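For reference, the structure discussed in these notes is given below.
Bear in mind these aren't lab numbers, they're just calculated from the coordinates by the rules spelled out. As the structure is a prediction and not an experimental result, all values here were calculated from the model. Virtual Cβ from ideal backbone geometry, glycine too; neighbours counted across all protein chains shown.
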Amino acid sequence: MGNSEAAARRAGSPQGIVLILAATLSVMGVLVIAPILPQLMAAYADVPGIAFLGPVILTVPAVCIALFSPFAGWLADRVGRRKMLIAAMLLYAPLGAAPLFLDDIYAILASRIGVGLTEAVIMTTSTTLMGDYFDGKRRDTWVAWQVGICSIAATGLLLLGGLLGSIDWRAPFIVYLSAWGLALATVLLTWEPAPRTMHGEEGAAKSTPFPVRLLALICAVTFFGGVVFYIVPIQLSVVLGQQGITNPAVIGGSAAFGSLGVPLGSLIFRRLSGMGTGLILGGAFLLAGVGLVIMGISGTYELTMTGVLINQLGCGIILPTLLAWVMASLPPEARGRGIGIWTGTFFIGQFFSPILLTVGSKALGSVGQAVVACGVAALVCAAIGLIAAIRAHRATTTLNATSGDPA
């Protein structure tokens, strides 16, 4: 397809749906096999170091996303975002399903590293294409749907993995083959954006300078957002355990209930997206912080779950706001590189979340106190965002008054 034809096409629901489904593949990488980790470790119980290798096999794709996404984005800007997305999907399927046939634990580990590398490409290019195909309110809407659907998919994939795992520990790996069907849909329904012509930007004589300082600010907030986002999924079982609640079914059900706040928050973001990034992020971190403080100081199940739901509601607003912010801030010709850096930063934040909470627990005396400390940090972040929004509003009002425009 020529550049002029690509520029003339207008994306709609089919393209948005395909790109959202592509983003769920990164969720699939870990969650669909999480329920069978004990069975996998039991199957290789005679392998030295399996207590370490088992969790690594589960989580190594997320580490690969964190480390490889910036390079994937840089490469996508040069090779082509759609081309790389399709190629990564075609590789993702056999690499993900490989443990169906592999017996050597280290070969399985190698296949999981391959899954992580392809996920880095899929996550970065699908998100970049979302920014290429849509702008303004339409982009915010699709970003909100992406966050909400990925959150719902996470719960569904955990359930599916557990169901298939009850048949055989290798069975969940067959789910990865679904990527081939999604690759076909991508071939049929998407196109490569014309160079520097997204959203009527053709005709620019010079490339827009890469916003290094702004991206650094966005990534700093994103890193902390990743830390906050991952506290409840990791620490809820510990907090409930300190209250004497150890039943896995109760803990799992509680986590699933709390996670409903994320898609709800993403839907709220759709209504707020015109209010300004600072104001939205300030309010979202306020919710997330209050939720963590309640969760950390609570001594009852009911109050803990109230805090969890408030926190997850805030997290559901934080993620699409950050994603929309970085999309809107990047020049089209460097959008892949910028989103790759942003994606890597978010996953690095998630990686450091349990580490920081462990360090905080030892320093403060308990997990609950560490959760409260993170909540207070989120409240400080909220205050900064709200103050910045108020100052921006005042500056705009003053400028309008000076220029003679009506206030």
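Please identify every one of the trypsin sites (Lys or Arg not before Pro) in the range 1-86 that sits in a loop by DSSP and has no more than 13 other beta carbons within 10 Å of its own beta carbon. If you can, show how the numbers build up before the last one.
On the way: sites: Arg9, Arg10, Arg78, Arg81, Arg82, Lys83; in loops: Arg9, Arg10.
Here the sparse-neighbourhood loop sites are Arg10.
Normalise the Cα radius of gyration of the range 212-402 by 2.2 N^0.38 Å (N = residues in it) and let me know the number.
For the range 212-402, the normalised Cα radius of gyration comes out at 1.08.
Under 5 Å between amide H atoms, partner at least 5 residues away or on a different chain: which partners does Tyr230 have, H built in plane at 1.01 Å?
Those lying under 5 Å, H to H, from Tyr230: there are none.
Go ahead and run the numbers for FRET between Leu163 and Gln369, Cβ-Cβ distance against an R0 of 30 Å, rounding to 0.05.
So, using R0 = 30 Å, E works out to roughly 0.20.
Using DSSP H assignments, which helices in the chain have an axial alpha-carbon span of 18 Å or above and a mean Kyte-Doolittle hydropathy of -0.5 or higher?
The answer, listed by residue number, is 13-31, 50-79, 81-97, 105-133, 136-165, 212-229, 277-297, 301-329, 335-364, 367-403.
Where in the chain is the longest stretch that carries no GluC sites (Glu not before Pro) classed as loop by DSSP and with at most 15 other Cβ atoms within 10 Å?
203-407
If R₀ is 22 angstrom, what is the calculated FRET efficiency for the pair Ala110 and Leu67, using the beta carbon separation as r and rounding to 0.05?
Working: r = 16 Å, r/R0 = 0.73.
So, using R0 = 22 Å, E works out to roughly 0.85.
Arrange Ile36, Ile231, Ile390, Ile149 by Cβ neighbour counts within 10 Å, fewest through most, would you? Spell out each step's value before the answer.
Numbers: Ile36 24, Ile231 29, Ile390 13, Ile149 19.
Ascending number of Cβ neighbours within 10 Å: Ile390, Ile149, Ile36, Ile231.
Can you give me the C-alpha center-to-center distance between the range 143-185 and the range 78-140, rounded to a whole angstrom?
Their Cα centres are 14 Å away from one another.
Please find the FRET efficiency linking Leu102 to Ile355, where r is the Cβ-Cβ separation and R0 is fixed at 35 Å, and quote it to the nearest 0.05.
Efficiency, from the Cβ-Cβ distance: 0.70.
Could you work out how much longer the chain between Ile174 and Arg213 gets when fully extended? Use 0.36 nm per residue separation minus the Cα distance between them, nm to one decimal. It would help to have the intermediate numbers written out before the result.
Numbers: separation 39, 0.36 × 39 = 14.04 nm, distance 4.35 nm.
Result for the pair: 9.7 nm of gain on full extension.
Once amide H atoms are built 1.01 Å from N in the peptide plane, which residues 5 or more positions from Phe210, or in another chain, come under 5 Å H to H?
none
In the chain, with Lys and Arg counted as +1 and Asp and Glu as -1 at Cβ, which of these residues, Cys374, Gly244, Val60, has the Cα nearest the positive end of the dipole, that is, farthest along it?
Cys374
Just the Kirkwood number for the range 3-197, please: inverse of mean 1/r across all distinct Cα pairs, in Å, one decimal.
When all Cα pairs of the range 3-197 are included, the Kirkwood radius is 17.3 Å.
Pairs of Cα atoms under 8 Å, at least six residues apart: use those to get the relative contact order of the chain, whole percent.
The normalised contact order for the chain reaches 24 percent.
Which whole-number percent is the relative contact order of the range 3-197 (Cα, under 8 Å, 6+ apart)? It would help to have the intermediate numbers written out before the result.
Details: 241 pairs, mean separation 81.8, N = 195.
Relative contact order here is 42 percent.
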